[in-house]
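The structure under discussion appears below in the form of structure tokens.
The values are calculated or read from the model by the stated rules, or taken from the named source; none is laboratory data. Everything quoted here is computed from the prediction, not taken from an experiment. Neighbour counts are summed over all protein chains in view; Cβ atoms, including those assigned to glycine, are modelled from backbone coordinates with ideal geometry.
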Amino acid sequence: MDIFTHFVFGSLMYLLFLKEVTFEYLFIAAFFSILPDLDVFLAPLRRIIKSKYLEHRGGSHSYLVGIILSFVIGLIISYFTHLPFYLVWIIGSIFFGLHVSMDLLTTTSIPFLYPLSKREHCFYIEKAGSMFTFISSIIFLLLPMVVFRIFRGMLFFQIYINVYTYFFLLYYLYRIISKIYISTTLEKDQKYFPGILPFHYRLYTYKINGNNIVSSVEKKSHFSKKTDIIQMNFTLTDQEKLFFEKAKELIRKHYYFAKWTLFPIFVRNDGLFSVKFFFLESMMRKRTMYVQYDFDLDKYDPVNYFQKSGPIQTT
């Protein structure tokens with residue numbers, strides 16, 4: 001989930017539930033609401049300490065790490081501001097945990113109990129980089145600059161805050177109910193993906209029978225029977241299946257890519273066999289990132305590897 005949505009949603013939750021604690025803690029709540037995503041600044045440290053938990057959405061996205069960080073940062077804030085330490089620590093832990101909870105709703109798994117458990121999980125309720133919530137959050141931040149010149153006073157401010165708060169709450173409630181309902185209708189070889197808009201979604205089907213692989217991505221809507229489908233049906237030779245297994249083994253070694261759902265495409269061309277893995281979580285209008293491995297028919301290891309973005313083409 002984008003940092004603007006974390007900032008806006010965290011601030012709204014504070015104003016809804018904790019506004020009586022005093023307004024000055026709003027900034028502390030908003031800071032801890034975005035703190036886990038500041039792990040992007042750990043890049044220099046990753047060059048020294050080779051740990052996948054220093055990657056984005058790694059060890060920073062954990063409830064336990066949040067409690068510890070809130071304790072340390074709470075001591076610093078309390079020392080310089082003379083605010084009660086325990087209150088800063090509690091608010092920090094709550095809003096750090098809110099960030100982790102929101103990211104658990106997305107399509108990218110996180111180690112939410114690290115370091116006690118390295119298990120990673122997500123609920124596939126919302127796209128990890130939702131354009132819908134991103135635009136909604138930007139509008140929330142910019143609209144007051146225009147509207148408050150016309151409608152002044154605390155009454156309008158309170159109405160504005162309440163409308164946006166319940167908008168977000170109802171939005172996520174709709175997403176959750178939608179996912180739960182559709183999941184009850186899925187077959188065992190199908191997987192649900194949230195769409196960009198809350199009433200759109202995709203169904204991914206993946207079947208493998210011996211050397212034959214059949215997969216499809218079907219775009220559907222709650223309010224329309226129209227569907228848009230991408231299909232792939234490919235029969236591998238025994239050698240090509242070995243290449244496919246090798247490609248899967250290699251991509252699982254990449255911490256961030258291993259989190260995502262792969263839509264495989266195969267290409268035979270001039271003595272090369274190419275395996276393309278398209279990432280469905282980042283898919284928009286049939287375009288998404290992909291990783292490609294090119295295998296020489298005389299070699300087991302790939303001779304070329306590259307990462308690009310483009311349309312999913314099955315032929």
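What's the total number of residues in region 205-217 that are surrounded by 13 or more Cβ atoms within 10 Å (Cβ to Cβ) and assigned to a strand (DSSP E or B)? Within region 205-217, residues that are surrounded by 13 or more Cβ atoms within 10 Å (Cβ to Cβ) and assigned to a strand (DSSP E or B) number 9. Of the residues making up region 229-265, those that are under 23 Å from residue 193 (Cβ atoms), without any contact (Cβ under 8 Å) to a residue 40 or more places away in the chain and not β-branched (Val, Ile, Thr) are 233, 234, 244, 248, 252, 254, 257, 258, 262. Would you check if there is a residue in region 116-134 being surrounded by fewer than 21 Cβ atoms within 10 Å (Cβ to Cβ) and within 23 Å of residue 74 (Cβ to Cβ)? Yes, because at least one residue in region 116-134 is surrounded by fewer than 21 Cβ atoms within 10 Å (Cβ to Cβ) and within 23 Å of residue 74 (Cβ to Cβ). Every condition in (1) in contact with a helix residue (DSSP H, G or I) (Cβ under 6 Å, 6 or more places away or on another chain); (2) outside any loop (DSSP other than H, G, I, E, B) is met by residue 143 except one, and the failing one is (1). Looking across region 17-42, the residues that are under 21 Å from residue 64 (Cβ atoms) and modelled with pLDDT of 85 or more come down to 28, 29, 31, 32, 33, 34, 35, 36, 37, 38. Within the option set 24, 55, being surrounded by fewer than 19 Cβ atoms within 10 Å (Cβ to Cβ) and within 16 Å of residue 256 (Cα to Cα) holds for one residue only, 55. Within region 108-146, the set of residues being over 25 Å from residue 69 (Cβ atoms) and in contact with a Lys or Arg (Cβ under 7 Å, 6 or more places away or on another chain) comprises 124, 125. Considering only residues that are more than 15 Å from the chain's Cα centre (by Cα), surrounded by fewer than 18 Cβ atoms within 10 Å (Cβ to Cβ) and among the polar types (S, T, N, Q), which ones fall in region 247-298? Those that are more than 15 Å from the chain's Cα centre (by Cα), surrounded by fewer than 18 Cβ atoms within 10 Å (Cβ to Cβ) and among the polar types (S, T, N, Q): 269, 274. Mind listing whichever residues of region 69-97 are of a type outside the set (A, V, I, L, M, F, W, C) and either in a helix (DSSP H, G or I) or out of contact with any Ser or Thr (no Cβ under 9 Å at 6 or more places or on another chain) (or both)? Those that are of a type outside the set (A, V, I, L, M, F, W, C) and either in a helix (DSSP H, G or I) or out of contact with any Ser or Thr (no Cβ under 9 Å at 6 or more places or on another chain) (or both): 70, 74, 78, 79, 81, 82, 86, 92, 93, 97. Among the residues of region 119-137, those identified as more than 11 Å from the chain's Cα centre (by Cα), farther than 14 Å from residue 167 by Cβ and touching a residue at least 40 places away in the same chain (Cβ under 8 Å) are 120, 131, 134.
Across region 218-251, the number of residues qualifying as over 20 Å from residue 207 (Cβ atoms), basic (Lys, Arg) and in a strand (DSSP E or B) comes to 2. Within the set 63, 86, the sole residue that is in contact (Cβ under 8 Å) with a residue 24 or more places away in the chain and either farther than 20 Å from residue 110 by Cβ or not aliphatic (A, V, I, L, M) (or both) turns out to be 63.
When each of 203, 173 is tested for being touching a residue at least 12 places away in the same chain (Cβ under 8 Å) and aliphatic (A, V, I, L, M), the lone residue that passes is 203.
If you check residue 33 against the conditions, is it closer than 21 Å to residue 111 by Cβ, small (Gly, Ala, Ser) and not in a helix (DSSP H, G or I)? No, not satisfied.
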